[in-house]
Amino acid sequence: MKEDSLGFNVKRLCDRLFDSATIDYVGFWELVAAVQSNDIGLPRESCRDVVISLARCMMVRGLKPFSFDENPKAPKLWQCDGVDDALDKIIIEWNKLEKQPGLGDVCWFMYQR
């Protein structure tokens, strides 16, 4: 697959997930599922870097990562010094998992007007 095609497909996924985030929270697991569904034509084992690129795209467009901690009704925004810092935290949280990210794992993303 050509790099231009990959970039276009990541942008397309970013657009779709960003639109979803304007209505409801988007879970990190949704990014992983979107990439691994082969919407962008990559082998399943090559998806991790693309998921990180997708997370970067979403945060550059303004989505904020957060977690729920103890209170599922009170989102807690991550205190990060920019997108790179947030991506570092995402990678750390992802590396802690001993399984595929699922509902509530790693982080969520929200749109703030």
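Brief remarks on what is shown
- Odd one out for Gly27 among (1) touching a helix residue (DSSP H, G or I) at 6+ places or on another chain (Cβ under 8 Å); (2) surrounded by 14 or more Cβ atoms within 10 Å (Cβ to Cβ); (3) at pLDDT 95 or above: (1)
- Annotation note: Cβ proximity below 8 Å between a residue of segment 82-102 that is without any contact (Cβ under 8 Å) to a residue 60 or more places away in the chain and a residue that is among the aromatic types (Phe, Trp, Tyr) and assigned to a loop (DSSP other than H, G, I, E, B) (sequence gap 6+ or interchain) occurs for Ala86/Trp78; Lys89/Trp78.
- Failed condition for Gly102, given (1) surrounded by 10 or more Cβ atoms within 10 Å (Cβ to Cβ); (2) assigned to a loop (DSSP other than H, G, I, E, B); (3) touching a Lys or Arg at 6+ places or on another chain (Cβ under 7 Å): (3)
- Check on Leu17, aliphatic (A, V, I, L, M), modelled with pLDDT of 90 or more and either in contact with a strand residue (DSSP E or B) (Cβ under 7 Å, 6 or more places away or on another chain) or surrounded by 15 or more Cβ atoms within 10 Å (Cβ to Cβ) (or both): yes
- Any chance Asp85 is at pLDDT 95 or above, surrounded by fewer than 16 Cβ atoms within 10 Å (Cβ to Cβ) and assigned to a helix (DSSP H, G or I): yes
- Test: residue in segment 54-76 that is acidic (Asp, Glu) and part of a helix (DSSP H, G or I): no
- Check on Asn9, at pLDDT below 95, of a type outside the set (Val, Ile, Thr), surrounded by fewer than 20 Cβ atoms within 10 Å (Cβ to Cβ) and part of a helix (DSSP H, G or I): yes
- Any chance Ala33 is in contact with a helix residue (DSSP H, G or I) (Cβ under 8 Å, 6 or more places away or on another chain) and either among the small types (Gly, Ala, Ser) or modelled with pLDDT under 95 (or both): no
The values are calculated or read from the model by the stated rules, or taken from the named source; none is laboratory data. Worth saying up front: this structure is predicted, and the values here are computed from it rather than measured. FYI the Cβ positions are ideal-geometry reconstructions off the backbone, even for glycines, and counts take in every protein chain you see.
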